[in-house]
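Single-structure report; data block below.
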Amino acid sequence: MPAEQIKRQIANTFGNASSSYDGSARLQRFSGELLLSNLPKKSESVVLDLGCGTGYFADVLATQFNHVIGLDLSKEMLNFSNLNRNDKINWLNADIHSIPLMDNSVDIVFSNLAIQWCDPLTDAFAEIKRILKPDGVFIFSSLLDGTLFELKQSWLSVDTDKHVIDFSKLNDIEKSLHVSGLSISELEQQPVVLDYENVKHLAKELKNLGASKVPKRTRKGLSGKDSWKKMTQAYDGYLTEQGAYPATYQLCTGMVVNNHE
Ligand SMILES: C[S@@+](CC[C@H](N)C(=O)[O-])C[C@H]1O[C@@H](n2cnc3c(N)ncnc32)[C@H](O)[C@@H]1O
(Lines give C-alpha, C1' and ligand atoms only; values in the text may rest on other atoms or scores of the structure.)
Protein backbone atom coordinates (compact mmCIF):
# COMPACT_ATOMS: atom_id res chain seq x y z
CA MET A 1 0.00 0.00 0.00
CA PRO A 2 1.47 3.45 -0.89
CA ALA A 3 2.73 5.48 2.10
CA GLU A 4 0.16 8.28 1.62
CA GLN A 5 -2.71 5.78 1.63
CA ILE A 6 -1.38 4.16 4.81
CA LYS A 7 -1.20 7.58 6.49
CA ARG A 8 -4.78 8.41 5.41
CA GLN A 9 -5.88 5.10 6.92
CA ILE A 10 -4.03 5.82 10.20
CA ALA A 11 -5.56 9.33 10.35
CA ASN A 12 -9.08 7.99 9.66
CA THR A 13 -8.80 5.17 12.18
CA PHE A 14 -7.61 7.50 14.94
CA GLY A 15 -10.10 10.16 13.85
CA ASN A 16 -12.99 7.70 14.26
CA ALA A 17 -11.75 6.95 17.78
CA SER A 18 -11.39 10.58 18.90
CA SER A 19 -14.46 10.60 21.18
CA SER A 20 -13.87 7.15 22.74
CA TYR A 21 -10.08 7.43 23.00
CA ASP A 22 -9.65 9.04 26.43
CA GLY A 23 -11.80 6.40 28.16
CA SER A 24 -9.53 3.60 26.96
CA ALA A 25 -6.09 5.19 27.18
CA ARG A 26 -4.74 3.37 30.28
CA LEU A 27 -1.36 2.57 28.75
CA GLN A 28 -1.04 6.02 27.18
CA ARG A 29 -1.68 7.73 30.51
CA PHE A 30 0.89 5.54 32.25
CA SER A 31 3.64 6.13 29.67
CA GLY A 32 2.85 9.83 29.26
CA GLU A 33 3.16 10.37 33.03
CA LEU A 34 6.59 8.68 32.92
CA LEU A 35 7.70 11.11 30.20
CA LEU A 36 6.38 14.16 32.07
CA SER A 37 8.54 13.33 35.07
CA ASN A 38 11.66 13.69 32.87
CA LEU A 39 10.92 17.09 31.34
CA PRO A 40 13.35 19.99 31.74
CA LYS A 41 11.71 22.70 33.86
CA LYS A 42 12.05 25.80 31.70
CA SER A 43 8.68 27.47 31.42
CA GLU A 44 9.69 29.72 28.51
CA SER A 45 10.43 26.69 26.30
CA VAL A 46 8.69 26.01 22.99
CA VAL A 47 7.24 22.50 23.37
CA LEU A 48 5.88 20.36 20.56
CA ASP A 49 3.65 17.34 21.29
CA LEU A 50 4.08 15.05 18.27
CA GLY A 51 1.11 12.78 17.57
CA CYS A 52 -0.85 14.59 20.30
CA GLY A 53 -4.11 12.69 19.70
CA THR A 54 -6.88 14.12 21.90
CA GLY A 55 -4.44 16.65 23.34
CA TYR A 56 -4.50 15.28 26.89
CA PHE A 57 -0.76 15.69 27.43
CA ALA A 58 -0.51 18.90 25.38
CA ASP A 59 -3.01 20.26 27.92
CA VAL A 60 -0.82 19.15 30.85
CA LEU A 61 2.24 20.64 29.11
CA ALA A 62 0.39 23.94 28.74
CA THR A 63 0.22 24.20 32.54
CA GLN A 64 4.05 24.11 32.69
CA PHE A 65 5.19 25.81 29.47
CA ASN A 66 4.25 29.06 27.77
CA HIS A 67 4.36 27.88 24.14
CA VAL A 68 2.81 24.52 23.37
CA ILE A 69 2.04 23.12 19.92
CA GLY A 70 0.08 19.90 19.39
CA LEU A 71 0.60 18.14 16.06
CA ASP A 72 -1.40 15.23 14.69
CA LEU A 73 -2.18 13.56 11.38
CA SER A 74 -5.87 13.31 12.25
CA LYS A 75 -8.09 16.40 11.83
CA GLU A 76 -10.80 14.81 14.02
CA MET A 77 -8.33 14.32 16.86
CA LEU A 78 -7.33 17.98 16.57
CA ASN A 79 -10.98 19.12 16.43
CA PHE A 80 -11.54 17.27 19.70
CA SER A 81 -8.38 18.83 21.19
CA ASN A 82 -9.34 22.29 20.05
CA LEU A 83 -12.74 22.02 21.75
CA ASN A 84 -11.56 20.44 24.99
CA ARG A 85 -8.07 21.73 25.80
CA ASN A 86 -6.28 24.89 26.91
CA ASP A 87 -6.96 27.81 24.51
CA LYS A 88 -3.35 28.88 24.34
CA ILE A 89 -2.21 25.65 22.60
CA ASN A 90 -1.61 25.87 18.85
CA TRP A 91 -2.83 22.84 16.87
CA LEU A 92 -1.13 21.66 13.69
CA ASN A 93 -2.62 19.11 11.32
CA ALA A 94 0.54 17.59 9.87
CA ASP A 95 2.73 14.55 9.45
CA ILE A 96 5.66 13.81 11.76
CA HIS A 97 7.69 13.03 8.62
CA SER A 98 7.22 16.58 7.36
CA ILE A 99 6.80 19.04 10.24
CA PRO A 100 5.76 22.54 9.12
CA LEU A 101 8.06 24.34 11.58
CA MET A 102 11.33 26.18 11.05
CA ASP A 103 14.78 24.68 11.64
CA ASN A 104 16.09 25.14 15.24
CA SER A 105 12.75 26.41 16.52
CA VAL A 106 11.69 23.96 19.28
CA ASP A 107 13.21 23.37 22.75
CA ILE A 108 11.37 20.18 23.70
CA VAL A 109 9.74 17.57 21.50
CA PHE A 110 7.39 15.35 23.51
CA SER A 111 5.87 12.31 21.84
CA ASN A 112 3.82 9.71 23.66
CA LEU A 113 3.08 6.44 21.87
CA ALA A 114 2.94 7.89 18.36
CA ILE A 115 6.24 7.13 16.60
CA GLN A 116 5.45 3.41 16.38
CA TRP A 117 3.26 4.52 13.45
CA CYS A 118 6.21 6.18 11.65
CA ASP A 119 7.86 4.41 8.77
CA PRO A 120 10.68 4.98 8.05
CA LEU A 121 11.67 6.02 11.54
CA THR A 122 14.94 7.56 10.34
CA ASP A 123 12.99 10.21 8.35
CA ALA A 124 10.90 11.06 11.43
CA PHE A 125 14.02 11.41 13.61
CA ALA A 126 15.74 13.56 10.93
CA GLU A 127 12.73 15.93 11.01
CA ILE A 128 12.82 16.07 14.81
CA LYS A 129 16.54 16.88 14.75
CA ARG A 130 15.96 19.60 12.14
CA ILE A 131 13.37 21.49 14.20
CA LEU A 132 15.13 21.07 17.57
CA LYS A 133 17.27 23.94 18.82
CA PRO A 134 20.87 23.08 19.74
CA ASP A 135 20.71 21.26 23.13
CA GLY A 136 16.97 20.77 22.62
CA VAL A 137 15.56 17.46 23.88
CA PHE A 138 13.30 14.82 22.41
CA ILE A 139 11.41 12.80 25.01
CA PHE A 140 9.36 9.93 23.70
CA SER A 141 7.69 6.60 24.26
CA SER A 142 6.91 3.91 21.75
CA LEU A 143 6.02 0.24 21.55
CA LEU A 144 8.49 -2.50 20.76
CA ASP A 145 8.51 -5.97 19.31
CA GLY A 146 6.74 -8.39 21.66
CA THR A 147 3.82 -6.01 22.22
CA LEU A 148 0.47 -7.87 22.20
CA PHE A 149 2.30 -11.16 21.72
CA GLU A 150 -0.60 -13.04 23.32
CA LEU A 151 -2.97 -11.69 20.66
CA LYS A 152 -0.47 -12.29 17.86
CA GLN A 153 0.11 -15.90 18.93
CA SER A 154 -3.59 -16.54 19.38
CA TRP A 155 -4.32 -15.31 15.85
CA LEU A 156 -1.50 -17.52 14.53
CA SER A 157 -3.54 -20.52 15.61
CA VAL A 158 -6.18 -19.31 13.11
CA ASP A 159 -4.26 -17.98 10.10
CA THR A 160 -1.00 -16.32 9.09
CA ASP A 161 -2.54 -12.94 8.23
CA LYS A 162 -1.29 -9.85 10.01
CA HIS A 163 -3.65 -8.86 12.84
CA VAL A 164 -1.26 -6.79 14.95
CA ILE A 165 1.09 -4.11 13.61
CA ASP A 166 4.82 -4.82 13.51
CA PHE A 167 6.82 -3.04 16.17
CA SER A 168 10.53 -2.13 16.01
CA LYS A 169 13.16 -3.67 18.23
CA LEU A 170 14.96 -1.45 20.75
CA ASN A 171 18.10 -1.88 18.69
CA ASP A 172 16.34 -0.51 15.54
CA ILE A 173 15.31 2.63 17.43
CA GLU A 174 18.85 3.02 18.76
CA LYS A 175 20.34 2.68 15.26
CA SER A 176 17.81 5.12 13.73
CA LEU A 177 18.62 7.69 16.45
CA HIS A 178 22.35 7.32 15.70
CA VAL A 179 21.70 7.81 11.96
CA SER A 180 19.79 11.02 12.71
CA GLY A 181 22.67 12.40 14.76
CA LEU A 182 20.66 12.72 18.00
CA SER A 183 22.56 11.70 21.17
CA ILE A 184 20.92 9.18 23.45
CA SER A 185 20.76 10.10 27.15
CA GLU A 186 18.34 7.35 28.13
CA LEU A 187 16.74 4.52 26.21
CA GLU A 188 14.86 1.81 28.07
CA GLN A 189 12.48 -1.05 27.54
CA GLN A 190 9.99 -2.33 30.10
CA PRO A 191 7.10 -4.75 29.82
CA VAL A 192 3.74 -3.42 30.99
CA VAL A 193 1.00 -6.02 31.41
CA LEU A 194 -2.61 -4.87 31.44
CA ASP A 195 -5.47 -7.14 32.48
CA TYR A 196 -8.70 -7.47 30.54
CA GLU A 197 -12.02 -9.09 31.47
CA ASN A 198 -12.03 -11.02 28.20
CA VAL A 199 -10.62 -10.82 24.68
CA LYS A 200 -13.61 -8.74 23.56
CA HIS A 201 -12.61 -6.15 26.18
CA LEU A 202 -9.06 -6.04 24.75
CA ALA A 203 -10.38 -5.76 21.18
CA LYS A 204 -12.77 -2.98 22.24
CA GLU A 205 -9.98 -1.06 23.95
CA LEU A 206 -7.74 -1.35 20.87
CA LYS A 207 -10.65 -0.16 18.70
CA ASN A 208 -11.38 2.76 21.02
CA LEU A 209 -7.74 3.71 20.79
CA GLY A 210 -7.75 3.56 16.99
CA ALA A 211 -5.14 0.83 17.13
CA SER A 212 -7.16 -2.09 15.84
CA LYS A 213 -6.60 -1.58 12.11
CA VAL A 214 -3.39 -2.91 10.65
CA PRO A 215 -2.18 -0.71 7.77
CA LYS A 216 -0.40 -3.39 5.78
CA ARG A 217 -2.92 -6.16 6.37
CA THR A 218 -2.88 -8.47 3.35
CA ARG A 219 -6.39 -9.91 3.48
CA LYS A 220 -9.73 -8.66 4.75
CA GLY A 221 -12.72 -10.08 6.57
CA LEU A 222 -10.94 -12.53 8.79
CA SER A 223 -12.86 -11.61 11.91
CA GLY A 224 -15.67 -13.99 11.04
CA LYS A 225 -17.39 -15.77 13.92
CA ASP A 226 -15.44 -19.02 13.56
CA SER A 227 -12.00 -17.47 13.34
CA TRP A 228 -12.78 -15.16 16.27
CA LYS A 229 -13.95 -18.14 18.35
CA LYS A 230 -10.81 -20.12 17.52
CA MET A 231 -8.60 -17.16 18.35
CA THR A 232 -10.29 -16.51 21.71
CA GLN A 233 -10.03 -20.20 22.60
CA ALA A 234 -6.29 -19.98 21.98
CA TYR A 235 -6.15 -16.80 24.13
CA ASP A 236 -7.72 -18.79 27.02
CA GLY A 237 -4.28 -20.40 27.35
CA TYR A 238 -2.97 -17.09 28.77
CA LEU A 239 -5.70 -16.72 31.41
CA THR A 240 -4.18 -15.81 34.78
CA GLU A 241 -5.02 -17.51 38.09
CA GLN A 242 -7.11 -14.46 38.95
CA GLY A 243 -9.18 -15.02 35.80
CA ALA A 244 -7.84 -12.04 33.86
CA TYR A 245 -6.80 -11.92 30.22
CA PRO A 246 -3.34 -10.30 30.14
CA ALA A 247 -1.94 -8.26 27.26
CA THR A 248 1.73 -7.36 27.28
CA TYR A 249 2.99 -4.04 25.95
CA GLN A 250 6.76 -3.66 25.51
CA LEU A 251 7.17 -0.01 26.37
CA CYS A 252 10.16 1.97 25.11
CA THR A 253 10.97 5.30 26.74
CA GLY A 254 13.76 7.55 25.61
CA MET A 255 15.36 10.93 26.08
CA VAL A 256 17.73 12.21 23.40
CA VAL A 257 19.56 15.50 22.96
CA ASN A 258 20.36 17.57 19.91
CA ASN A 259 24.01 18.15 20.76
CA HIS A 260 26.09 20.86 19.10
CA GLU A 261 28.04 19.43 16.13
C1 LIG B 1 -1.79 6.14 20.29
S2 LIG B 1 -2.19 7.77 19.80
C3 LIG B 1 -1.34 8.69 21.07
C4 LIG B 1 -1.97 10.03 21.29
C5 LIG B 1 -1.38 10.87 22.42
N6 LIG B 1 0.04 11.12 22.23
C7 LIG B 1 -1.64 10.28 23.80
O8 LIG B 1 -0.70 10.17 24.58
O9 LIG B 1 -2.79 9.96 24.11
C10 LIG B 1 -1.18 8.05 18.38
C11 LIG B 1 -1.47 9.36 17.65
O12 LIG B 1 -0.43 9.54 16.68
C13 LIG B 1 -1.00 10.09 15.51
N14 LIG B 1 -0.11 9.78 14.37
C15 LIG B 1 0.19 8.57 13.85
N16 LIG B 1 1.06 8.71 12.83
C17 LIG B 1 1.31 10.05 12.71
C18 LIG B 1 2.12 10.82 11.83
N19 LIG B 1 2.85 10.26 10.87
N20 LIG B 1 2.13 12.16 12.00
C21 LIG B 1 1.38 12.76 12.98
N22 LIG B 1 0.61 12.08 13.83
C23 LIG B 1 0.57 10.73 13.71
C24 LIG B 1 -2.38 9.44 15.40
O25 LIG B 1 -3.25 10.18 14.59
C26 LIG B 1 -2.79 9.37 16.87
O27 LIG B 1 -3.54 10.49 17.25
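Annotations for the structure displayed:
- Portion, in percent, of the accessible area of the chain that falls on carbon or sulfur, probe 1.4 Å: 50 percent
- Debye-sum result for the chain in log10 I(q)/I(0), which assumes one identical scatterer on each alpha carbon, at q = 0.12 Å⁻¹: -0.72
- Where the Cα pairs of the range 120-261 fall when distances are cut into 5 Å bins, in %: 2, 9, 16, 18, 15, 12, 10, 8, 6, 3, 1, 0
- Flagged links, alpha-carbon separation over 18 Å, of LYS169/LYS230; LYS152/LYS200; LYS162/LYS230; LYS75/LYS204; LYS7/LYS129: LYS169/LYS230; LYS75/LYS204; LYS7/LYS129
- The calculated 222 nm mean residue ellipticity attributable to helices in the chain amounts to -10500 deg cm²/dmol, summing -39500 (n - 2.57) over DSSP H runs of n ≥ 4 and dividing by all residues.
- Hull-based mean projected area of the range 64-169, where the convex hull spans the alpha carbons, in square nanometres: 8.6 nm²
- The chain - accessible surface per residue (Å², probe 1.4 Å): 49 Å²
The values are calculated or read from the model by the stated rules, or taken from the named source; none is laboratory data. No experiment lies behind these values; they were computed from the predicted model shown. Side chains included, ligands, DNA and RNA excluded: accessible areas come from the protein's heavy atoms. Shrake-Rupley method; radii C 1.70, N 1.55, O 1.52, S 1.80 Å.
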